[in-house]
Amino acid sequence: GRVFGPVHELFTVKPRDDVNMEALNSALSYVARPKMETILTDTASAARAQAETTRKKVWPLEYLPSMTTPPVNPVVESAPLALRASALLAPTEPELAPFLPYIFGKTVIVRTKEDAHTFRRSSKGKGVKIVALDGEVIDGDGAFGGPSRVFTAQQQGARFAIGA
């Protein structure tokens, strides 16, 4: 089996000119934080071997319930701008793309907390995690606020690289 490496090294944030890239990277890294250090493999046997030697969490491609790749166009809505998180990153290898929907689920990125609440109230905002580039996070159930619900650009831990 094949070991691809940790999540944070396998995907880069696709450059965009309609959002602040540093804030976008912070938001995506924040959402993916629980899985950033997870090592991806192609098979369960490779995952078992990797887990035994590194004692780290591993995730085999063959265990994904579907091999669906994220849509090419990340725009869910243009006003206010709402972007599908799973479509904002490029995998280092094409076979890794199906991991993106499992890392990000139904997460949508918006520019401001006002946009987050506007999107939440729209028909597309139900059951969706919404992350605003100015720090607001609204969970799929509608909960928001509190110190743990706001991320900062200075957060600690692994981060994605921004693509060229």
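Of the set (1) within 22 Å of Pro15 (Cα to Cα); (2) touching a strand residue (DSSP E or B) at 6+ places or on another chain (Cβ under 8 Å); (3) among the basic types (Lys, Arg), all apply to Lys57 but (1).
Of all residues in the stretch 30-62, those being of a type in the set (Phe, Trp, Tyr) and in contact with a helix residue (DSSP H, G or I) (Cβ under 8 Å, 6 or more places away or on another chain) number 1.
Every residue, every condition in (1) closer than 14 Å to Ala23 by Cα; (2) modelled with pLDDT under 95; (3) open to solvent by less than 50 Å² (accessible area, probe 1.4 Å), yes or no:
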| position | (1), (2), (3) |
| --- | --- |
| Glu95 | no, yes, no |
| Tyr102 | no, yes, no |
| Thr107 | no, no, yes |
| Val110 | yes, no, yes |
| Gly125 | no, yes, yes |
| Gly135 | yes, yes, yes |
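Among Pro65, Pro71, Pro15, which is of a type outside the set (A, V, I, L, M, F, W, C), closer than 17 Å to Leu96 by Cβ and in contact with a helix residue (DSSP H, G or I) (Cβ under 7 Å, 6 or more places away or on another chain)?
Numbers: Pro65 fails: in contact with a helix residue (DSSP H, G or I) (Cβ under 7 Å, 6 or more places away or on another chain); Pro15 fails: closer than 17 Å to Leu96 by Cβ.
The unique qualifying residue is Pro71.
If only residues of the stretch 32-49 that are farther than 19 Å from Phe160 by Cα and open to solvent by 40 Å² or more (accessible area, probe 1.4 Å) are counted, the one that is nearest to the chain's Cα centre (by Cα) is Asp42. Inclusion of Glu114 among residues that are closer than 17 Å to Ala23 by Cβ and among the charged types (D, E, K, R) is warranted.
Can you pull out every residue in the stretch 13-31 that is over 13 Å from the mean Cα position of the chain (by Cα) and in a loop (DSSP other than H, G, I, E, B)?
The first filter runs over the stretch 13-31 and keeps only residues over 13 Å from the mean Cα position of the chain (by Cα), leaving 15-23.
Residues satisfying the conditions are Pro15, Arg16, Asp17, Asp18, Val19, Asn20.
Can you spot a residue in the stretch 146-163 that is modelled with pLDDT under 85 and charged (D, E, K, R)? Yes, there is a match, as at least one residue in the stretch 146-163 is modelled with pLDDT under 85 and charged (D, E, K, R).
The values are calculated or read from the model by the stated rules, or taken from the named source; none is laboratory data. As the structure is a prediction and not an experimental result, all values here were calculated from the model. Backbone-built Cβ (ideal geometry, glycine too); neighbour counts: all protein chains shown. Quick note on the areas: whole protein, heavy atoms, side chains included, nothing else; ligands and nucleic acids left out. Shrake-Rupley method; radii C 1.70, N 1.55, O 1.52, S 1.80 Å.
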